[in-house]
Amino acid sequence: MADRNVTEKQVMEALSTVKEPELGRDLVSLGFVKDVAIRDGEVSFTITLTTPACPMKDQMRRESEQAIRSRFPQVKEVRVGFEARVRPDKRIQEKLSLPIKNIIAVGSGKGGVGKSTVSVNLAVGLAAEGASVGILDADVYGPNVPMLMGVSELPPPDGEKLVPARAFGVEVVSMGFLMGGDDALVWRGPMIHGALKQLFSDVLWGELDYLVVDLPPGTGDAQLSVAQLVPLTGGVVVTTPQKVAVSDARRGVTAFRRLNVPVLGIVENMTGEIFGAGGGKAAAAELDVPFLGSIPLDPDVVRMGDEGRPPAAAGQHGPTAEAFRALARAIAARVSVQQFEKESAAR
Ligand SMILES: Nc1ncnc2c1ncn2[C@@H]1O[C@H](COP(=O)(O)OP(=O)(O)OP(=O)(O)O)[C@@H](O)[C@H]1O
Ligand SMILES: [Mg+2]
């Protein structure tokens, strides 16, 4: 047989020339290649990804295929399979005994910039990429995540525990469900803290790769409460395209830094003819944090928000849907890299 000389060892050697682009190390030394099989002119193997929402998946498929084909012309077919293993931020399990691997907080320097819209579409986009995801609406002043996801109530509780609602493959819990019709403005700090605590501890969260937390606008007590209650893996700051974005984003980034929350990066929302473009990137450069992507200003975002249909959901198409899913992948990649660097530093 033509391929009888290709061995597993040679396949591994070939794949050791392929880098995991985000981590900057080769797939084999990372231990990311397994199940190598060589049969009838066909080489197959599985690559372990650090997230199902990996933005580099296609590149790794191409490069590893190329690495095999260029060395072994007799190989007729290369089959690359993928599996994903999201690394846990161990502090979450240690502090809260929650089966959640990463908690991503979404904040902003000021209100109305699209924080809730980005939170919802981040959660739904990660789920559309195959991750297991929850969203916690911690906005005490205007909890609108349920509306954006078309959810109106929680299912009946399981004993003492609240059961999350489920929409677009995402587990959903909102401050709004606890507050009933109460006006948040009459809630005092301790009440808010208590309610937030309940949302983390008294909810039967599933085994989540990512829990997205939509923070209240501004940089006040509620943020502090959330950061005190749970270890936040990272914070995402949403800003707008205008020049003022730099000072708005600075407030958001500073708030996270003060709470010792690593900043995953800045998102520019509402990019387009009316508000322009570039404020988010400028802010990211100036504040020395990654720029995660921009989301177009699109009237469909408003309409679909009102209808409870997030644009990032599986099956939605067009530039806005794709921008949200690309953002979800970029954020998942940042979380992976951060986690990897933390583990490497600990070794
Ligand atoms: N990319 C976009 N294109 C068009 N409209 C958008 C976009 N993103 C958000 N919006 C609209 O802007 C308004 C504010 O968005 P959203 O509620 O997400 O902001 P927020 O920052 O969470 O606000 P708050 O500070 O009140 O919590 C909503 O009407 C939403 O539909
Ligand atoms: Mg909001």
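The values are calculated or read from the model by the stated rules, or taken from the named source; none is laboratory data. Note that this is a predicted model, so its numbers are computed, not measured. In this analysis, Cβ positions are derived from the backbone assuming ideal geometry, glycine residues included, and neighbour counts consider all displayed protein chains.
Brief remarks on what is shown
- Residue check, residue 108 modelled with pLDDT of 95 or more, surrounded by 16 or more Cβ atoms within 10 Å (Cβ to Cβ) and not hydrophobic (A, V, I, L, M, F, W, C): no
- Any hit, the range 155-170, residues being in a loop (DSSP other than H, G, I, E, B), assigned by TED's automatic domain parsing to the domain that holds residue 301 and closer than 17 Å to residue 312 by Cβ: yes
- Residues satisfying the stated conditions in the range 226-248, i.e. in contact with a Gly (Cβ under 8 Å, 6 or more places away or on another chain), more than 16 Å from ligand 2 (Cβ to nearest atom) and either outside the structural domain of residue 158 (by TED's automatic domain parsing) or of a type in the set (S, T, N, Q) (or both): 242, 247
- Meets criteria (farther than 17 Å from residue 179 by Cα and either of a type in the set (Val, Ile, Thr) or more than 10 Å from ligand 2 (Cβ to nearest atom) (or both)) for residue 145: no
- Remark: pairs (first residue in the range 277-295, farther than 12 Å from residue 249 by Cα; second residue part of a loop (DSSP other than H, G, I, E, B); Cβ separation under 6 Å; 6+ apart in sequence or on different chains) = 277/241.
- Only one of 213, 238 that is within 17 Å of the chain's Cα centre (by Cα), closer than 19 Å to residue 127 by Cα and among the β-branched types (Val, Ile, Thr): 213
- Elements of type strands (runs of 3 or more DSSP E) in the range 26-119, at least 1 residues being within 25 Å of residue 267 (Cα to Cα), within 15 Å of the chain's Cα centre (by Cα) and touching a residue at least 60 places away in the same chain (Cβ under 8 Å): 103-108
- Each residue in the range 142-161 was checked for being among the polar types (S, T, N, Q) and within 23 Å of residue 110 (Cβ to Cβ), and 1 pass.
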